[in-house]
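The values are calculated or read from the model by the stated rules, or taken from the named source; none is laboratory data. Everything numeric here is computed off the predicted structure, so don't read it as measured data. Here the Cβ is made from the backbone with ideal geometry for all residues, glycine too, and neighbour counts use every protein chain on show. Remember, those area values only see protein heavy atoms, side chains included, never the ligands or the DNA or RNA. Shrake-Rupley method; radii C 1.70, N 1.55, O 1.52, S 1.80 Å.
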Amino acid sequence: MVAHLASLALESIFINNILLALFLGMCSFLGCAKNIKTATGLGIAVIFVLTITTPVNWAINHFFLRPGALAWLGFPEADLSFLVFIAFIAVIASQVQLVEMLMEKFTPGLYTALGIFLPLIAVNCAILGTSLFMEQRAYTFVESVVFGFSSGIGWFLAIVGFSAVLQKLKYAHLPKGLDGFAINMVVTGLIAMAFMAFAGIKLT
């Protein structure tokens, strides 16, 4: 069981990284990576939101939404699975609001630096995508916790690594055609290739 969870964590962080392999959450990734402090703050916020929302959405889906989930209430034929998107987004929005309130109170500088990208976590496709993958793959509660946390760690490592490379590139003499968005895509691709090097590791 431990080996299975460790394998799931490793796969979520590196091999099937929610950002570098599945390309979810790219808008915030590209928008907040210019400063390492901002990238770190956003990455930590994403870890927090994913760690909370993925298991909470698992519980909502398991006990209320999936076909037959309401059998414990005496409605075995009830199927509320059509409410999955609405329910998941509502949970995500509430957790993002909590993160906003905490950041505004304890780290006002970072809260200001993140600007519009902090509330946009609520519509970050990486957050919703993680919950939907959890539901689609029929993870258990423990697996959903590991998957949510590990996906957040993977997103965090990707944006911090990308931001660190961009800081170094400020002192590089780039060809005119590569300056700006083009070099960002090249660096993102190289980081994705580096993460994929872990694909050969099998713990189970």
- Note on the structure: Dividing the helical contributions, -39500 (n - 2.57) per DSSP H run of n ≥ 4, by the residues of the chain yields a 222 nm value, nearest 500 deg cm²/dmol, of -20500 deg cm²/dmol
- Item | Taking only Cα atoms of region 28-106, radius of gyration then Dmax in Å | 16.8, 54
- Query: At a 1.4 Å probe, what is the % contribution of carbon and sulfur to the accessible area of the chain?
  - Reply: 72
- Note on the structure: Between A78 and residues 5 or more places away or on another chain, the pairs with built amide H atoms under 5 Å apart involve G68, L70
- Correct response: the longest run of the chain lacking exposed trypsin sites (Lys or Arg not before Pro), defined by DSSP loop and at most 15 other Cβ within 10 Å, is 35-136
- Note on the structure: Under 30 Å between C-alpha atoms, the lysine pairs in the chain lying 8 or more places apart or on different chains count 9
- Message: Heavy atoms of the protein only, probe of 1.4 Å, neighbouring chains included. What is the accessible area of C27 in Å², nearest 10?
- Response: 90
